[in-house]
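Colleague: Take a look at this one; I'll ask things after.
The values are calculated or read from the model by the stated rules, or taken from the named source; none is laboratory data. Quick caveat, the model's predicted, so the values are computed rather than measured. We place every Cβ from the backbone using ideal geometry, glycine too, and count neighbours over all the protein chains shown.
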Amino acid sequence: MSVTADAPAYPVDKVNRVKRRHDRGAYDHATVHAILDAAAMCHVSYVIDGQPYCTPTLFWREGTRLYWHGSSASRMLRNLSEGEPACLTVTHLDSLVMARCGFNHSADYRSAMCFGQARLVSDPDEKRQSLVMMVDRLFPNRTAGLRQSTAQEIKATAVVWMEIERASAKIRAKGVGDDEEDYALPIYAERLPVRMVIGEPEPCPRLMDGVARGEDLKAYRPGRTLDEALTEAYAEAYAAEAGA
């Protein structure tokens, strides 16, 4: 990873330090944020009354702050609202690796693990804007052309934010990595790339005549990988937000 020593980075301690294969670890903002911005789903881990839970949910990033949402009745959101410790993780599976020994079978991946204190977004204006970006982060400027959410719909949705206090990225991009002597064995080995690819759009069968696919979906072209589309959409959405 080509990261300069003075690049902005998250502090490292026993909580987020990569302990196994530390050569694959990174703590700089650019690496961690790139992994986050290429994803739409995350897993949030937390503890309620001594019982650990891990919940999948949509999320988005604004600077060093993460947001996610859910039903106001959600057990997760009811308990992650007043500075409770939480851990948000994202993983991209890039390949399956078949080696000449079971021990060396592996996977190429990019992952990010973020730690902080989860809090409920309570300010009405901030909450409304957060719910706009929940959509526009994926589909830039889409909300402006939609039927606006009602007060009841907004009330039924809770938003949580977490400042990233510590974070680490871990990346494997090695492919096949056998022991040197095993390369002489007559055993097939390969790296099998894995991609989540956007398919052909399936328009709603109840669309009104003349309603066309908009520019807010231009990043999502058939055959393109999802992480590429999400990264482009994120950059455009926040460029537009900064210029608003």
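Colleague: Would you confirm, using the coordinates I've provided, whether LEU192 is touching a residue at least 12 places away in the same chain (Cβ under 8 Å) and of a type outside the set (Lys, Arg)?
Modeller: Considered against the rule, which asks whether it is touching a residue at least 12 places away in the same chain (Cβ under 8 Å) and of a type outside the set (Lys, Arg), LEU192 comes out as yes.
Colleague: Just to be sure, is GLU163 in contact with a Gly (Cβ under 6 Å, 6 or more places away or on another chain) and within 30 Å of ASP123 (Cβ to Cβ)?
Modeller: Yes, satisfied.
Colleague: State all residues of the stretch 91-128 that are more than 28 Å from GLU153 (Cβ to Cβ), free of Cβ contacts under 8 Å to residues at least 60 places away in the same chain and of a type in the set (Ser, Thr, Tyr); if no residue qualifies, say none.
Modeller: Hit for the stretch 91-128 is THR91, nothing else.
Colleague: Please determine, by comparing only the residues of the stretch 31-56 that are in contact (Cβ under 8 Å) with a residue 12 or more places away in the chain and in a loop (DSSP other than H, G, I, E, B), which one is nearest to ALA233 (Cα to Cα).
Modeller: Ranking the qualifying residues of the stretch 31-56, first place goes to ALA38.
Condition check ((1) closer than 27 Å to LEU226 by Cα; (2) modelled with pLDDT under 95; (3) not in a loop (DSSP other than H, G, I, E, B); (4) not charged (D, E, K, R)) across all residues:
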| residue | (1), (2), (3), (4) |
| --- | --- |
| ALA5 | no, yes, no, yes |
| PRO11 | no, yes, no, yes |
| TRP68 | yes, yes, yes, yes |
| ARG78 | no, yes, yes, no |
| THR89 | yes, no, yes, yes |
| LEU96 | yes, no, yes, yes |
| ALA112 | yes, no, yes, yes |
| PHE115 | yes, no, yes, yes |
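Colleague: Just for the stretch 117-147: of the residues that are of a type outside the set (A, V, I, L, M, F, W, C), buried (at least 16 other Cβ atoms within 10 Å of the Cβ) and in a loop (DSSP other than H, G, I, E, B), which one is nearest to the chain's Cα centre (by Cα)?
Modeller: Looking at residues that are of a type outside the set (A, V, I, L, M, F, W, C), buried (at least 16 other Cβ atoms within 10 Å of the Cβ) and in a loop (DSSP other than H, G, I, E, B), I get ARG137.
Colleague: Is it the case, given these coordinates, that ASP182 is surrounded by 11 or more Cβ atoms within 10 Å (Cβ to Cβ), touching a residue at least 40 places away in the same chain (Cβ under 8 Å) and either within 14 Å of ALA38 (Cα to Cα) or hydrophobic (A, V, I, L, M, F, W, C) (or both)?
Modeller: Answer is no for this residue.
Colleague: Let me ask you something else. For TYR238, state whether it is modelled with pLDDT of 95 or more and either in contact with a Gly (Cβ under 6 Å, 6 or more places away or on another chain) or within 26 Å of TYR109 (Cβ to Cβ) (or both).
Modeller: no
Colleague: Among the numbered criteria (1) under 26 Å from PRO11 (Cα atoms); (2) assigned to a helix (DSSP H, G or I), which single criterion is violated by TRP161?
Modeller: Status for TRP161: all satisfied but (2).
Colleague: If THR150 satisfies all but one of (1) surrounded by fewer than 15 Cβ atoms within 10 Å (Cβ to Cβ); (2) of a type in the set (S, T, N, Q); (3) under 21 Å from PHE59 (Cα atoms); (4) free of Cβ contacts under 8 Å to residues at least 24 places away in the same chain, what's the number of the condition it fails?
Modeller: Condition (3) is where THR150 drops out.
Colleague: Then there's this: Select from the stretch 16-30 the residues that are among the aliphatic types (A, V, I, L, M) and part of a loop (DSSP other than H, G, I, E, B) and list them in ascending order.
Modeller: VAL18
Colleague: Is there a residue in the stretch 95-103 that is loosely packed, with under 15 Cβ neighbours inside 10 Å, out of contact with any strand residue (DSSP E or B) (no Cβ under 9 Å at 6 or more places or on another chain) and among the charged types (D, E, K, R)?
Modeller: no
Colleague: Take the residues of the stretch 187-201 that are assigned to a loop (DSSP other than H, G, I, E, B) and within 15 Å of GLY102 (Cα to Cα): which is nearest to the chain's Cα centre (by Cα)?
Modeller: It comes out as ALA189.
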